[in-house]
Amino acid sequence: MNRRVLVAVPLVLAAIAGAVVFFPSGGAGPEPIVYGRDACAHCRMVISQPGFGGEVRDLSGKISTFDDVGCLLISLAATGRETPEAWVEDFDGKTTFAPLLQATLVRGALDTPMGHGIVAFADAGKAAAFAAEKKAKVVKLEDLLVELKSGSFAVAQAKPFTQLEAERGKDIFERECSSCHGARGAGDGPAAAFLDPKPRDFTKKTFKFRTTESGKPPLTEDVLATLERGLPGSAMPSFAFLSLEDRRKAGAYVFKLSGLLGKPEPPAFPDPGTPPSTTTAGLERGKALYSSQGCVACHGETGRGDGMSAATLKDNAGQPVRPRDFTTGIFRGGAESRDVYYRIFAGIDGTPMPSFAESVTEEDERWALVSYVKSLVSATPAPLPSNPILAGRMVAEKYGCGGCHVLDDGKGGEVGPAYALVGKKLQPEWIRTFLHDPRATGKIYPWRIHRMPGLKLSEPEIDAMVAYVGTVGKFKASANTNPDATSFPEAKLAVGKNVFVLRCAQCHALGSIVKTPLASQQGPDLANVAGRLDYAWMKGWILDPKSFDPKSKMTVPGITPDEADAVRMFVWKMSMEEQTKPATGSLGGAP
Amino acid sequence: MRAVLLISAREIRESMRSRWFLLAAGAFLVLSLALSWLGLAGAERSGLAGFDRTSASLLNLVLLFVPLITLALGGLGIAGELEDGSLALVLAQPVTRAEVFAGKYLGLLASVSMAVLAGFGVTGVVVGLSTGGSATTFLALVALTLLLSAATLSLGTFLSVAMRSRARVVGAAFTSWLFLVYVSDLGTIGLTVARDLSPGKVFALAILNPVQSARVLGTLALSDRLDVLGPVGIFGLDRFGETGLVALLVSLLLATALVPLLAGYSLFRHEVIQ
């Protein structure tokens, strides 16, 4: 008897537990939100207002609640789960739900819990009436999701930055921004001296790219837009790789440095609405305005930025500035018609570019001028010159490379490695891969504070930079071959191992073999060596690093050429093995 | 009926003579006194009401201790007497098997209740004299303890009948105790994390275990604050309402007291000593 009991009772219990666990979660449709208790699955705030939120039921039947339709959409776009069921609260019925796919979404400057400015209606007619009343728009779900997929969610009306965000933004600012803008935001970072245009001095409270009237501080969303888009044609990259929350924190810290945090926002420049379509007559009028308003004086007849007074222009810091060359199609504040409209009629503070809001008051005249300026963009950008040095200098100037790297003329910042060194030590193919996505590689030099920004170079620009760096480093193409690691003699590898353990492992990590070296100032992880460094160059470097880079901290006194050769083989072979291992631990590319 | 009472009285006398029982009752008394004293000492510093705080500590003690003594005592009850032959002697008297079985269960339940009440009584007097406070909470806790005792004692009795030897019963009783007190907790937590269970499923898993049902009931008696109650309790409250939840959990505990007892009795009637 007791044996049967021994088996039966636990079995029955296990079966019941199993049935509970695997029982298909019953119930379709949304569950009521408990206001004041349920939290938003995206922003983690407790849901308090009915009518704005929604629910998602994933495939396992688990319900997530949201306090704002915007939060729900961001979460849907980010998780990318297959066909979860989603419902949104009907703004009209408050606590009643409508399936997301059948709801009508209205977007505008609406006061929603998280400020995303989107509400949902079960009834399309009511949605249209509400949209008309609030001057908002009925939007399509697909459009919103596409906007979210592209990594941006232009918040209709961003909530003002908070003190808490500013406090948390300090670290992000110091890591991502201070190399150019300086730790105090005074535009005096280590890279600043070599940049043109100069990084903004936030303490002066002058901001160029605003949607507020000339002379007024920017809106929260202006700062967020600049962080997200970057300033094309300058060293300011897009920070879209940071999450929106992190961008908000960095922006909040910028406001804090400018003393704008907590101040009431100025009224926004009147919204120009959607641009009308371009007509021949409009272009004619735009051209006339372009001359009569004096645009020609600086931007030139053909918009090349070569007007009569172009060479004499200075910004509010006394630095020379050049008027925009419209033909390049690069517009710092964004190339959309609306962006150009704001630049012309809200002005670019701190530069000689005034606001033309007073002198051109008619809405259609304003748009005519915008369309004319945009028509000056030449269809095909001028090809880069064939001389690698000239082409490289052009690209370097465009992206402000000289702010962080010493260029071919020996000038430039010391935030990153000098091109003369880089051009000798790195393989061109590796540079090419790196430039395609600089942030993917992780941090190579542990002692450097700043990281290479996620610049988006075009294919020809990458080619030009690879050729440029190779030329500056006087790279010998013949030497750039990966050695055949299988031919390394065992005896040499054994010697190399000894040398590595005794001399190199003090400062250098080697993937999973040496994870944390002893020295406080650490060298790069040598697991990155194979495929990245030039094999021939390595020997000379090991023997005498100072001859390549006088500022290098690396020193291996008394090493013999034979030992250098052996340790080079050992490190190369080990790093090849480390690179083929599944990415774990220190090779995981942690930033 | 007289036979049931007689056998119960005999069982109580046996318990009083058993050193194990006295040891367990004494340990419970000492531990609950120590907890009350600590709870009161803390209350002076932090200014919290002494009664609820002590009750919270006592709840945890009860949830660990009551299953331990009842499983062991219930387990040893019939199996022990079966081994030393005294059960055969009792059965030879003019009493029915049902009367013997019921008498033994009720007698053990009475002994355990006395031990628990002694522990709680002294504690209640000590704490009540020092602070005063929510006596209803305290009484609810006492009632809950008796209910839990009935449930786990019934499990112990079933084990006793099913295993029929002291050694096996002790093994089974301690395994069951470990399962009730620790393993099912850990299993529920593990499954919740691994399979991302919905609150409803976690609730269902939790109340499979009578000790967990008692825990939710006890917490409910102590405080209806959400952070104290935890997700399982909140789900229960939302789904069934306070009365519904209490009724559900109490009936689950009563079922745990009845079902193993009836199963044990059917074994006892047909299989133990032909």
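Could you say which residue among B:Leu186, B:Leu197 is in a loop (DSSP other than H, G, I, E, B) and either free of Cβ contacts under 8 Å to residues at least 12 places away in the same chain or away from chain A (no Cβ under 12 Å) (or both)? It would help to see each step written out before you state the result.
On the way: B:Leu186 fails: in a loop (DSSP other than H, G, I, E, B).
Being in a loop (DSSP other than H, G, I, E, B) and either free of Cβ contacts under 8 Å to residues at least 12 places away in the same chain or away from chain A (no Cβ under 12 Å) (or both) holds for just one of B:Leu186, B:Leu197, which is B:Leu197.
In region A:104-121, how many residues are closer than 8 Å to A:Gly70 by Cα and in contact with a strand residue (DSSP E or B) (Cβ under 6 Å, 6 or more places away or on another chain)?
Qualifying residue count, region A:104-121: 2.
Residue under question is B:Pro210, and the condition is that it be closer than 20 Å to B:Ser55 by Cα, surrounded by 16 or more Cβ atoms within 10 Å (Cβ to Cβ) and at pLDDT 85 or above; does it hold? So that I can check it myself, show each step before the final result.
Details: closer than 20 Å to B:Ser55 by Cα: yes; surrounded by 16 or more Cβ atoms within 10 Å (Cβ to Cβ): yes; at pLDDT 85 or above: yes.
Answer is yes for this residue.
Within region A:1-42, can you find the residues that are at pLDDT 80 or above, charged (D, E, K, R) and closer than 19 Å to B:Ala162 by Cβ?
Correct list: empty.
Within region B:218-234, is there a residue that is more than 14 Å from every other protein chain (Cβ to nearest Cβ), closer than 30 Å to B:Phe268 by Cβ and assigned to a helix (DSSP H, G or I)?
First, pick out the residues of region B:218-234 that are more than 14 Å from every other protein chain (Cβ to nearest Cβ): B:218-223, B:228.
Retained after the next criterion (residues that are closer than 30 Å to B:Phe268 by Cβ): none.
So far as region B:218-234 goes, no, none of its residues is more than 14 Å from every other protein chain (Cβ to nearest Cβ), closer than 30 Å to B:Phe268 by Cβ and assigned to a helix (DSSP H, G or I).
Go through region A:428-456 and give me each residue that's in contact with a Lys or Arg (Cβ under 6 Å, 6 or more places away or on another chain) and of a type in the set (Phe, Trp, Tyr).
A:Trp430
Pull out all pairs, ordered by first then second residue, where Cβ-Cβ is under 8 Å, the residues are six or more apart or on different chains, the first lies in region A:523-546 and is closer than 19 Å to A:Pro446 by Cβ and of a type in the set (Phe, Trp, Tyr), and the second is at pLDDT below 90 and outside any loop (DSSP other than H, G, I, E, B).
So the pair list comes out as A:Trp541/A:Lys425; A:Trp541/A:Phe548.
Quick check, is B:Gly80 modelled with pLDDT of 85 or more, part of a helix (DSSP H, G or I) and within 18 Å of the chain's Cα centre (by Cα)? Quick ask: steps written out before the conclusion?
Details: modelled with pLDDT of 85 or more: yes; part of a helix (DSSP H, G or I): yes; within 18 Å of the chain's Cα centre (by Cα): no.
No, not satisfied.
For every residue, the table says whether it meets (1) modelled with pLDDT under 85; (2) surrounded by fewer than 14 Cβ atoms within 10 Å (Cβ to Cβ).
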site	(1), (2)
A:Leu526	no, no
A:Ala530	no, no
A:Pro557	yes, yes
A:Glu577	no, no
A:Ser586	yes, no
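So, in region A:382-409, of the ones that are charged (D, E, K, R) and touching a residue at least 60 places away in the same chain (Cβ under 8 Å), which residue ends up surrounded by the fewest Cβ atoms within 10 Å (Cβ to Cβ)?
First, pick out the residues of region A:382-409 that are charged (D, E, K, R): A:393, A:397-398, A:408-409.
With the extra rule that they be touching a residue at least 60 places away in the same chain (Cβ under 8 Å), the set shrinks to A:393, A:397-398, A:408.
On the way: A:Arg393: 19, A:Glu397: 14, A:Lys398: 17, A:Asp408: 21.
Restricting to residues being charged (D, E, K, R) and touching a residue at least 60 places away in the same chain (Cβ under 8 Å), the top hit is A:Glu397.
So A:Thr328 clears everything in (1) closer than 15 Å to A:Lys208 by Cβ; (2) crowded, with 17+ Cβ neighbours inside 10 Å; (3) modelled with pLDDT under 85; (4) not charged (D, E, K, R) except one condition, right? Which one?
A:Thr328 satisfies all of (1) closer than 15 Å to A:Lys208 by Cβ; (2) crowded, with 17+ Cβ neighbours inside 10 Å; (3) modelled with pLDDT under 85; (4) not charged (D, E, K, R) except (1).
Restricting to region A:31-63, name every residue that is more than 14 Å from every other protein chain (Cβ to nearest Cβ) and assigned to a loop (DSSP other than H, G, I, E, B). Full working, then the answer.
Taking region A:31-63 first, the residues more than 14 Å from every other protein chain (Cβ to nearest Cβ) are A:40, A:42-45, A:47-54.
Hits for region A:31-63 are A:Cys40, A:His42, A:Cys43, A:Arg44, A:Met45, A:Ile47, A:Ser48, A:Gln49, A:Pro50, A:Gly51, A:Phe52, A:Gly53.
Taking region A:278-306 as the region of interest, how many residues are surrounded by fewer than 19 Cβ atoms within 10 Å (Cβ to Cβ) and part of a loop (DSSP other than H, G, I, E, B)?
The total comes to 9.
With the structure loaded, tell me whether A:Ser258 is in contact with a Lys or Arg (Cβ under 7 Å, 6 or more places away or on another chain), farther than 14 Å from A:Gly333 by Cα and touching a residue at least 40 places away in the same chain (Cβ under 8 Å) or whether it fails that test. I'd like the intermediate steps shown before the answer.
On the way: in contact with a Lys or Arg (Cβ under 7 Å, 6 or more places away or on another chain): yes; farther than 14 Å from A:Gly333 by Cα: yes; touching a residue at least 40 places away in the same chain (Cβ under 8 Å): yes.
It is true that A:Ser258 is in contact with a Lys or Arg (Cβ under 7 Å, 6 or more places away or on another chain), farther than 14 Å from A:Gly333 by Cα and touching a residue at least 40 places away in the same chain (Cβ under 8 Å).
The values are calculated or read from the model by the stated rules, or taken from the named source; none is laboratory data. Predicted model, so just to flag it, every value in this text is computed and none were measured. For neighbour counting, all protein chains shown are included, and Cβ atoms are generated from backbone atoms with ideal geometry for every residue, glycine included.
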